[in-house]
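Participant: I'd like to ask some things about the structure below.
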Amino acid sequence: MAQECSRIGHKLGSISVRECLDRALVDTGARSVRGQAILMKEYPPLSGKRKPIGRVLLIGGTHGDEYAAVSIVFKWMQTLDRYHSGMFHWHVTPLLNPDGLLLHRPSVRLNAHGVDLNRNMPSPDWYNQTAAYWKSRGFDPRRYPGAAPLSEPETQWLFEEIRSFRPDAIVSVHAPYGVLDFDGPPVGPTDIGYLHLKLIGVYPGSLGNFAGIQHEIPVITVELPHAGIMPTHRQISNMWRDLIHWLRHNIPKEKTVKAYASFDAITERLEASSPPPAKRKKTQAQHSSAPVAAKRSGSAISSRVHINTQVIH
Ligand SMILES: [Zn+2]
């Protein structure tokens, strides 16, 4: 932890080594491709206080070159360290992609396998859909989805974290598009501080698609306006205030609680809808000989895929 805080403090202009150390992050045991720890801090229910309204997973640094998206999560942790009231049960991971941020100068979007972690989550018909998306981006190496869903240790950790912690909402911070996006059971917040809701669409392999659409967990994507310039203190605290306000009035959602009861079944159906290329032929043959069964197996997952022309998180 000390080593990683030293690297973080030397990389981020807004977070000192001391500030990182003071957060007392804990090693999850998970490792990035290059063996760096994925760190987390838990703000648990407080004994003697009322039961938390819900569980929230807060994630920064999915893309290693979005510096402000890591720094602001550290700033919000500072607030939680001071004022955690037990209203929510938090898991906070300020840096999902330590290799992207810390091992390159300048930092890079992708993990050390060159994979875009926000295209590597399971979603319907993953192989075809992510390939089509990647092709539509001109095979941009910055958007490479990986060889298979959850091929990366960082996304494997994220998947297990969602499965075991069962967050009622996920907040994921990115940059630099300056908007707010929302996936999951409607309706999301219209404003978080100076950011306004703009539904961007659903990407194959994205966290919003996986968690929001498939597993019906509200996913709030905060897209800060600049990757390298931090919002002001006032903007940072206004965003936090609005975020808490929305969470307080909107979670837990009944749909989310229900969907968790069939988390593994939804995962299985996702896998069935995304056969690896080698097995695809066989599955197609099965589908044509048993159309009813195939239809039933695919009916419970949403294959709503809408690829926006705008490139975002
Ligand atoms: Zn991003």
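Participant: Might you let me know whether the range 145-154 holds any residue that is of a type in the set (S, T, Y) and either farther than 18 Å from G64 by Cα or surrounded by fewer than 20 Cβ atoms within 10 Å (Cβ to Cβ) (or both)? Even if it seems obvious, please write down each step before you answer.
Facilitator: Pass one, the range 145-154, residues of a type in the set (S, T, Y): 151.
Right, trim to either farther than 18 Å from G64 by Cα or surrounded by fewer than 20 Cβ atoms within 10 Å (Cβ to Cβ) (or both) and you get 151.
Looking through the range 145-154, at least one residue is of a type in the set (S, T, Y) and either farther than 18 Å from G64 by Cα or surrounded by fewer than 20 Cβ atoms within 10 Å (Cβ to Cβ) (or both).
Participant: Here is a further query. Only one of L117, L96, L80 is touching a Ser or Thr at 6+ places or on another chain (Cβ under 7 Å) and closer than 28 Å to N238 by Cα. Can you tell me which?
Facilitator: L96
Participant: Could you list, in sequence order, the residues of the range 43-64 that are over 17 Å from the mean Cα position of the chain (by Cα) and under 24 Å from A211 (Cα atoms)?
Facilitator: Correct list: Y43, P44, P45, P52, I53, G54.
Participant: I'd like the full set of residues that are open to solvent by less than 80 Å² (accessible area, probe 1.4 Å) and either within 20 Å of the chain's Cα centre (by Cα) or at pLDDT below 90 (or both), limited to the range 263-276. Show your work before the answer.
Facilitator: From the range 263-276, those open to solvent by less than 80 Å² (accessible area, probe 1.4 Å) are 263-267, 269-270, 272-276; that's our starting set.
Selection gives F263, D264, I266, T267, L270.
Participant: Go through the range 131-145 and report how many residues are among the hydroxyl-bearing types (S, T, Y) and away from the ligand (no atom under 16 Å from the Cβ).
Facilitator: Of the residues in the range 131-145, 1 are among the hydroxyl-bearing types (S, T, Y) and away from the ligand (no atom under 16 Å from the Cβ).
Participant: What are the pairs with Cβ atoms under 8 angstrom where one residue, in the range 39-56, is surrounded by 11 or more Cβ atoms within 10 Å (Cβ to Cβ) and the other, located anywhere, is assigned to a strand (DSSP E or B) and of a type in the set (D, E, K, R)? Sequence gap at least six, or different chains.
Facilitator: Matching pairs, first to second residue: L39/D27.
Participant: Which one is surrounded by the fewest Cβ atoms within 10 Å (Cβ to Cβ), of the residues in the range 90-113 that are within 13 Å of the chain's Cα centre (by Cα) and hydrophobic (A, V, I, L, M, F, W, C)? Even if it seems obvious, please write down each step before you answer.
Facilitator: Step one: list which residues in the range 90-113 are within 13 Å of the chain's Cα centre (by Cα), which gives 91-97.
Checking which are hydrophobic (A, V, I, L, M, F, W, C) leaves us with 92, 95-96.
Numbers: V92: 22, L95: 32, L96: 30.
Out of the qualifying residues, it is V92.
Participant: Condition check: of a type outside the set (G, A, S) and either touching a Pro at 6+ places or on another chain (Cβ under 8 Å) or without any contact (Cβ under 8 Å) to a residue 12 or more places away in the chain (or both). Does I170 satisfy that?
Facilitator: Criteria met by I170.
Participant: Is it the case that L110 is out of contact with any strand residue (DSSP E or B) (no Cβ under 8 Å at 6 or more places or on another chain) and either of a type in the set (A, V, I, L, M, F, W, C) or within 16 Å of the ligand (Cβ to nearest atom) (or both)?
Facilitator: yes
Participant: Among the residues that make up the range 124-137, is at least one of them open to solvent by less than 40 Å² (accessible area, probe 1.4 Å) and either within 21 Å of G61 (Cα to Cα) or not in a helix (DSSP H, G or I) (or both)?
Facilitator: Yes: the range 124-137 contains one or more residues that are open to solvent by less than 40 Å² (accessible area, probe 1.4 Å) and either within 21 Å of G61 (Cα to Cα) or not in a helix (DSSP H, G or I) (or both).
Participant: For the subset of the range 63-89 comprising residues that are outside any helix (DSSP H, G or I) and surrounded by 24 or more Cβ atoms within 10 Å (Cβ to Cβ), which member is farthest from the ligand (Cβ to nearest atom)?
Facilitator: Among residues in the range 63-89 that are outside any helix (DSSP H, G or I) and surrounded by 24 or more Cβ atoms within 10 Å (Cβ to Cβ), the one farthest from the ligand (Cβ to nearest atom) is G64.
Participant: Considering every residue within the range 39-58, establish whether at least one is out of contact with any Leu (no Cβ under 6 Å at 6 or more places or on another chain) and within 16 Å of the ligand (Cβ to nearest atom).
Facilitator: yes
Participant: Provide a single number: the residues in the range 146-167 that are closer than 18 Å to V219 by Cβ and either away from the ligand (no atom under 16 Å from the Cβ) or out of contact with any strand residue (DSSP E or B) (no Cβ under 7 Å at 6 or more places or on another chain) (or both). Before you say what the answer is, go through the steps one by one.
Facilitator: Within the range 146-167, the subset closer than 18 Å to V219 by Cβ is 149-150, 154-155, 157-167.
With either away from the ligand (no atom under 16 Å from the Cβ) or out of contact with any strand residue (DSSP E or B) (no Cβ under 7 Å at 6 or more places or on another chain) (or both) added as a condition, the list becomes 149-150, 155, 157-167.
Final tally of qualifying residues: 14.
Participant: Go through (1) within 18 Å of D242 (Cα to Cα); (2) modelled with pLDDT of 95 or more; (3) in a loop (DSSP other than H, G, I, E, B) and name the single condition V187 misses.
Facilitator: Unmet condition: (2).
Participant: Could you check, for the range 214-227, whether at least one of its residues is part of a helix (DSSP H, G or I), over 22 Å from L39 (Cα atoms) and in contact with a helix residue (DSSP H, G or I) (Cβ under 9 Å, 6 or more places away or on another chain)?
Facilitator: Checked against the condition, which is being part of a helix (DSSP H, G or I), over 22 Å from L39 (Cα atoms) and in contact with a helix residue (DSSP H, G or I) (Cβ under 9 Å, 6 or more places away or on another chain), the range 214-227 yields at least one hit.
Participant: Cβ-Cβ below 8 Å, separation at least six or inter-chain, first residue in the range 62-88 and free of Cβ contacts under 8 Å to residues at least 60 places away in the same chain, second within 11 Å of the ligand (Cβ to nearest atom) and in a helix (DSSP H, G or I): which pairs?
Facilitator: The qualifying pairs are G64/G100.
Participant: Take the range 168-188 and flag every residue that is near the ligand (Cβ under 9 Å from one of its atoms) and either of a type in the set (V, I, T) or open to solvent by 20 Å² or more (accessible area, probe 1.4 Å) (or both). Full working, then the answer.
Facilitator: Looking only at the range 168-188, we keep the residues that are near the ligand (Cβ under 9 Å from one of its atoms), and these are 172-177.
Selection gives V173, P176, Y177.
The values are calculated or read from the model by the stated rules, or taken from the named source; none is laboratory data. Quick caveat: nothing in here was measured; it's all calculated off a predicted structure. Using ideal geometry, Cβ is built from the backbone for each residue, glycine included, and neighbour counts are taken over all protein chains shown. For the accessible areas, the whole protein counts, side chains as well, though only heavy atoms, and no ligand, DNA or RNA atoms are used. Shrake-Rupley method; radii C 1.70, N 1.55, O 1.52, S 1.80 Å.
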